[in-house]
Amino acid sequence: MVADRLVVGTAGNVSVRTGDRVAVTPTGVPYGLLRAEDVGVHALDGSVLDATLKPTSELPLHLAVYAARPEVGAVVHTHSTAATALSCLVPQIPAVHYYLGLFGGAPRVAPYAEYGTDALAAGTVNALEGRTACLLGNHGAVAVGNTLAEAYERALYLEWVCEVALRVLSSGVIPRLLDGVELDDATARLATYGQGAR
């Protein structure tokens, strides 16, 4: 995530769910020092099953997503630059590119709430309804997937499309945005793109 410029410092966090267990990154550990054994395992109610370090302060967010979306197997939370900047400007990502279909439609922006709180977790769940990514107002972004690889790939695409949106919005020209039919068509086509459904 550091190399892909999705986080800076110790910001951001990642979790993977297997059954009723959630492996999640710890709080405040620089990524260059993070070891596999530092990743804690928690139950879906947040109780510790196997962890030597405190979990990320966003554990409530991760657990709330898993509770609301049983099909989700991984959550990637970033503080990437374009996504964070765009989260301060719009209620949802403008339809600047058909890649928004990768997320089930244009990702929404959850209202600002203090990090680590139940309010942020609830806002994230609401913003993710029918989507596989959202922005967190004045904060960052969240991408989900069946696997960690899928969630991470979506986080990368999310940052790219946010960068495109920022450039379009800053151009001073009224943009040509995709309409609802065009975006719905792209969403349907992307759901079966490649060698297997996403």
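The table below gives the values:
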item	result
Highest-first arrangement of 10-23, 67-80, 40-53, where packing means the average Cβ count within 10 Å	67-80, 10-23, 40-53
Centroid-to-centroid separation of the range 133-198 and the range 39-97 [C-alpha atoms, Å]	17
The range 26-79: projected area of the alpha-carbon convex hull, averaged over directions, in nm²	4.1
Average projected area [Cα convex hull, the chain], square nanometres	11.0
Among 44, 125, 88 - extreme Cα towards positive end, dipole of the chain, charges at beta-carbon	88
Backbone HN-Hα couplings from phi across the range 100-111 [Karplus 6.51/-1.76/1.60, Hz, Gly and Pro as x]	4, x, 5, 9, x, x, 5, x, 8, 10, 6, x
Hz values of 3J(HN,Hα) by residue in the range 125-131 - Karplus curve (6.51, -1.76, 1.60), Gly and Pro given as x	4, 5, 5, 7, 4, x, 10
Relative contact order [Cα under 8 Å, 6+ residues apart], the range 85-187, whole percent	35
For the chain, built as a Gaussian network whose Cα springs stay under 10 Å, the top-fluctuating residue of 111, 175, 91	175
Carbon/sulfur fraction of accessible area - the chain, other protein chains in place, 1.4 Å, %	56
Computed magnitude of the charge dipole of the range 26-83 (debye, nearest 20; Cβ of K, R +1, Cβ of D, E -1)	120
12 Å beta-carbon shell around residue 125, net charge (K/R +1, D/E -1)	+1
Built amide H within the under 5 Å cut-off of residue 40, gap 5+	24
Value of relative contact order over the chain, rounded to a whole percent, pairs C-alpha under 8 Å and six or more apart	21
Cut-off 14 Å between beta-carbons: net charge of the residues surrounding residue 11, Lys and Arg +1, Asp and Glu -1	-2
Crossing angle, helix 180-190 versus the chain [Cα axis fit, 0-90 degrees, rounded to tens]	50
Per-residue [θ]222 nm for the chain (sum of -39500 (n - 2.57) over DSSP H runs n ≥ 4, rounded to 500)	-9500 deg cm²/dmol
Size of electric dipole in the range 1-150: Cβ of Lys, Arg +1 and of Asp, Glu -1, about Cα centre, debye, nearest 20	280
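The values are calculated or read from the model by the stated rules, or taken from the named source; none is laboratory data. Every value quoted in this text rests on a predicted model; they were computed, and no experiment measured them. Heads up, the Cβs are rebuilt from the backbone with ideal geometry, glycines too, and the neighbour counts pull from every protein chain shown. All accessible areas refer to the heavy atoms of the entire protein, side chains included, with ligands and DNA or RNA removed. Shrake-Rupley method; radii C 1.70, N 1.55, O 1.52, S 1.80 Å.
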